[in-house]
Amino acid sequence: MNKIVSKRFFSENVAEIIVEAPLIARSRKAGHFVIVRVDKNSERMPLTISDADIENGTITLVVQRIGVSSSKLCALEAGDTIADLVGPLGKATDIRKFGTVVCACGGVGAAPMLPIAQALKAAGNRVITVLAARNKDLIILHEQLAAVSDDVIVMTDDGSMGQKGLVTEGVEQVINREQVDKCVTIGPAVMMKFVALTTKKYGIPTEASLNTIMVDGTGMCGACRVTVGGKTKFVCVDGPEFDAHEVDFNEMLSRLGQYKSAEVVAYETYHAHSTTTDSGQEIASEGTSQKIDVQDVAPFVGTAKDRVVIPRVKMNELEPAARVQSLYQEVNQGLTFEQAVTEAHRCLNCKKPTCVDGCPVNINIPGFIKQLEVGNVLGAAQVISESSTLPAVCGRVCPQEKQCEAQCIHLKMGHEAVAIGYLERFVADHASVKVESGKVRIGKKVAVVGSGPAGLAFAGDMAKNGYDVTVFEALHEIGGVLKYGIPEFRLPNRIVDKEIAGLRALGVHFETDTIVGKTINVDELMSAGYAGVFVGSGAGLPRFMGIPGENLNGVMSCNEYLTRVNLMRAALADSDTPVLKAKNVAVIGGGNTAMDAVRTAKRLGAERAIVVYRRSEDEMPARVEEVRHAKEEGIEFMTLHNPIEYHADETGRVKEAVLQVMELGEPDESGRRSPIAVEGKVVVLPVDLVIVSVGVSPNPLIPSSVNGLEISRRGTIVVNDQMQSSIPTLFAGGDIVRGGATVILAMSDGRKAAKEMHDYLSK
């Protein structure tokens, strides 16, 4: 897969590459694109598919050498393999009989235009292609376009081929000589802008295929957003084609230049060295778990009163001054063996353990703590493994203070709760349990969409039940939000990878770079013999506030920011993916994701990193520990403030945020007091980077691709009490059902869905 079959150069910097990609070739339509990642250090690049050969299982890409990653791709030869290739993405071109259609393309825009022109011609349209470039050497695919067009007009800036002039002059020639019913334009953004201005004069409907910056390409990050008709749209899922007369091209042009300075430096550095190094990507998360001398411990002989008065253990932590220097060193260092055993002594082993009721996956908490109390770390791990697939993850990121620990009897007695999360983490870090799959394979296959916590929990339980499980992940790494959303100073990748390795040992198979709903659909999975499908695709679409200036350079979603840093390793010198660094950073929101972003910004050198939240700190949904860590690291908090507008500097980058001062009124539906604007009170905050973390919406890829699937008004998949959708063999859980969920709640959904699907398929 992803093997290059052939390569040729149209010009010095434009290459045509044919790649093995049978699933994409079969599914692609005119207008679709792919995301390419050349090697482990490369950024994710969108490239439009110019042709496909279903019989040979290949797709054709045309790439222009303009940056580091595109240069790497152009340097590959036949026989080489591209690290990651995912698609087809975007919406297909609307192909029907319009009448006479002008296809206006410039430079490499001829490549994506070719399949569109072919399809328009096949639909019975008169197709006139206007092909433009600076000179004849940059004109590509002329013969191929001529073969599917009724007429081809070539325009070059210098007159070296065809007519001398701009693409707009060619378009206007056609309009002046005959009736034109529609125009499609693809090329540089500035070219599409002027084509749109030209056709608007004549009232000709015009579609533009936009080439915005992307990171994931599946709607998750929001980097590709544009303003169309006054509304924010995401090019990767809403486009790439839009009404050209409604596109804010000036805004788009500005956003295309957002990383220009960083890209220039990277490109110059790349060409200054004959080879690149991989050292940066090899930086591993610094280990925090110590090797311990496990030994049997004599049973605690004290009374319940003796247990209660034992002080709660304090987590060993890096000092703030040290922790802000590293993105990859974990803040919480874990407990020692002695600390863990002493904390275990605090457990009263209640006859009715309410802590278990507070755990969404119902871990036998007193059971594992009793094993730990006598030094049996492996026994403790075995108890946890009966209920949890990801204990090392949950021990780090679950809000225990709102779940299991909130139900601890110690609180009713006026003491601190047992540190259940700390103990779970200790056990998971220091004991490895080999969980056996079902002794008898039952001969049934199930598919899992998404490798986040819901999908992983489901996969683990179904593998234990004897099913053959395949997990399909859209990104190039397994882990979902655990990898792209949570920084390594809170959840190291090595921990996630360890948990995934355990699932592989169970027999779970993982397929990356596969988008269910695009690369392959649910009906095809069923036809391939999968007895059931679990959807845990998450809530990927970032929300924005819809306020003036929100699409300025330097204003981005939290998903984009964290994905660049966490998944794409943008902060490392060897990474081709850029990230904006700033002196004054404001993060809008008060959840754990907002804390992750603001603490990341501090580690990337921000002089001021500020949380802006519209309620008070008491209403802040972030974990208390995360807020404490943030404050220790020098993060500022502006509570009871809400942005209402952003202003730009002379370059188009955000320079200040206008904040409305708020006060708290009556509680809303969630029980939190509603924020109310204080009339006439605003604050202007100087900023050069704004990270918006105000929630996410369900990813539309699955809901929009499955016929007969019941979807809520919020875009979530509707399920019954058994996590079963309107399609009996399709179950779902996590964010795609809830709209937003913690890791442990998503895991709970996955486990419940596994039980219910097993029961359903066993009938």
Note to self: From the Cα trace of the stretch 69-219, what convex hull volume per residue do you get, rounded to a whole Å³?
What the structure shows: 138
Next item on the list: Give the cross-link partners of Lys164 among the aspartates and glutamates, using a straight C-alpha distance below 17 Å as the criterion and excluding same-chain residues fewer than 8 apart.
Entry: Asp137, Glu172
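If you wrap a convex hull around the alpha carbons of the stretch 304-430, what volume per residue comes out, as a whole number of Å³? All intermediate terms of the calculation are to be shown ahead of the outcome.
On the way: hull volume 14.0 nm³, N = 127.
That works out to 110 Å³ per residue.
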Check: How far apart, in nm, are two points set 7 Å out from the Cα along the Cα-to-Cβ line at Glu663 and at Ala123?
Finding: 5.8
Margin query: What percent of all Cα-Cα pairs in the stretch 4-89 falls into each 5 Å bin, going from 0 up to the bin containing the maximum distance?
Written below: 3, 16, 28, 29, 18, 6, 0
Margin query: Once you compute Rg and the Kirkwood Rh from C-alpha atoms, what is the Rg to Rh ratio for the stretch 656-749?
Written below: 1.15
Next item on the list: Give, in nm to one decimal, the length gained when the segment between Lys164 and Arg441 is fully stretched (0.36 nm per residue of separation minus the Cα-Cα distance).
Entry: 92.7 nm
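Dividing the convex hull volume of the alpha carbon atoms of the stretch 546-696 by its residue count, what do you get in Å³ per residue?
Numbers: hull volume 17.7 nm³, N = 151.
Per residue, the Cα convex hull of the stretch 546-696 comes to 117 Å³.
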Check: How compact and how long is the stretch 345-502, expressed as Rg and Dmax of its alpha-carbon atoms in Å?
Finding: 16.5, 54
Note to self: Over the stretch 101-184, what portion of Cα pair distances is larger than 17 Å, expressed as a whole percent?
What the structure shows: 38
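Taking other Cβ within 10 Å of each residue's Cβ, how do Ile4, Ile54 sort, fewest first? Numbers along the way, then the final one.
On the way: Ile4 19, Ile54 12.
Ascending Cβ contact count within 10 Å gives the list Ile54, Ile4.
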Next item on the list: Please report, largest first and rounded to whole Å, the three semi-axes of the ellipsoid equivalent to the stretch 134-232, where each semi-axis is the square root of five times an eigenvalue of the C-alpha gyration tensor.
Entry: 27, 18, 13
Item checked: Nearest 10 degrees, 0 to 90: helix 420-430 Cα axis against the chain principal axis -> 80
Check: Per 10 Å bin from zero, what fraction in whole % of the C-alpha pairs of the chain is there, up to the bin with the longest pair?
Finding: 3, 13, 22, 24, 19, 11, 5, 2, 1, 0
Notebook entry, point to check: Mean residue ellipticity at 222 nm from the helices of the chain, using -39,500 (n - 2.57) per DSSP H segment of n ≥ 4 over the full residue count, to the nearest 500 deg cm²/dmol?
Noted result: -8000 deg cm²/dmol
Next item on the list: Give me the angle, in degrees from 0 to 90, between the Cα long axis of helix 743-761 and the longest principal axis of the Cα atoms of the chain, rounded to the nearest 10.
Entry: 80
Checklist line | 0 to 90° range, to nearest 10: angle between helix 189-201 axis and the chain longest Cα axis | finding: 60
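Computed from the coordinates by the stated procedures, all read-outs in this text should not be read as laboratory data. What you see is a predicted model, and the numbers here were worked out from it, not measured in a lab. Cβ atoms come from the backbone with ideal geometry, glycine included; neighbour counts cover every protein chain shown.
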